[in-house]
Amino acid sequence: MLLSTHALTGAVVGKTFNNVWIIIILSIVLHYIIDAFRHGEYLNRNSKLNEFWKVAVDIIIGLAILGIIIYFSDLSQIKTRNVLIGTFFSMFPDLLTFLYWKLNFNFLKKSFDLHAWVHRYPPFSKGRDWNLKNAANDIILSLIAIALLLL
């Protein structure tokens, strides 16, 4: 899934629950659940660090949408904090994957293996190519998350 999708769904968890530990746990679990859906990947096996601008754009888009929603809503300071905690921890498994994949932090291998296991399609397969068919779930989940954040 796109980091934007993870960020928005984690924000919904943060908006819905008040207990920080529940927000953290559910945001991480939700990350793995939605990663099981078909989705495209914009990085591939040969991606170099200089291609990670795509990740930055993805995060910026998600955080911009979230920032606009927070700015124009009447969320309390606590609720805003919870939304941001949900946002961070919903993207956290991808951070761990990056640290293992590109920086060789070998102590994260089990996390990497779990992340790879939950994906329906193997890394860099046709089922994870970047195209509209594979992006449909990202689009649908992001729109649902935005709608829930606006309610």
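Computed from the coordinates by the stated procedures, all read-outs in this text should not be read as laboratory data. As the structure is a prediction and not an experimental result, all values here were calculated from the model. As a convention, Cβ positions derive from the backbone with ideal geometry for all residues, glycine included, and neighbour counts pool all protein chains shown.
Annotations
- Helix 20-35 and the longest principal axis of the Cα set of the chain meet at an angle near 40°.
- Over all other residues within a Cβ to Cβ distance under 15 Å of Leu75, the charged ones net out to +2, with Lys and Arg as +1 and Asp and Glu as -1.
- Leading residue at positive end of dipole, the chain (Cβ point charges), from Thr5, Pro93, Val20: Pro93
- Secondary-structure-derived ellipticity at 222 nm for the chain, considering helices only, amounts to -23500 deg cm²/dmol, per-run term -39500 (n - 2.57) for DSSP H runs with n ≥ 4.
- 3J(HN,Hα) from dihedral phi, the stretch 102-114, Karplus parametrisation 6.51/-1.76/1.60, rounded to Hz, x for glycine, proline: 9, 10, 6, 7, 4, 5, 9, 4, 5, 5, 4, 5, 4
- Pairs over the 25 Å Cα-Cα cut-off, from the set Lys102/Lys126; Lys79/Lys109; Lys54/Lys133: Lys79/Lys109.
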